[in-house]
């Protein structure tokens, strides 16, 4: 399938949503953090996930994942 739109592309949007859907599975793999909230900003040129975490001490942390599909090159 040839990608016609990159900003954002369908693959980027679907990949971001897949990560959101796997939130409980991802949390199981975190040794000392609980996922509090996932904000999916999939309307941007490159979808972005903002993940709020809380560690066992009650401290808040934030991880940001930006999803970028490179132009087809083959």
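The values are calculated or read from the model by the stated rules, or taken from the named source; none is laboratory data. Quick caveat: nothing in here was measured; it's all calculated off a predicted structure. Positions of Cβ are generated from backbone atoms using ideal geometry, with glycine treated the same way; all protein chains shown enter the neighbour counts.
So residue 58 ticks every box in (1) free of Cβ contacts under 8 Å to residues at least 24 places away in the same chain; (2) in contact with a strand residue (DSSP E or B) (Cβ under 6 Å, 6 or more places away or on another chain); (3) not in a strand (DSSP E or B) but one. Which box is left unticked? So the condition that residue 58 fails would be (2).
Does residue 49 satisfy the condition of being modelled with pLDDT of 95 or more and not in a strand (DSSP E or B)? No. Note on region 1-34: residues that are surrounded by 13 or more Cβ atoms within 10 Å (Cβ to Cβ) and assigned to a strand (DSSP E or B) total 1. Here residue 37 meets the list (1) at pLDDT 95 or above; (2) assigned to a loop (DSSP other than H, G, I, E, B) almost entirely, failing just condition (2).
Cβ separations smaller than 9 Å between residues 6+ apart or across chains give the following pairs from region 15-40 residues that are touching a residue at least 24 places away in the same chain (Cβ under 8 Å) to residues that are part of a helix (DSSP H, G or I): 19/26; 33/27; 40/16; 40/17; 40/19; 40/20.
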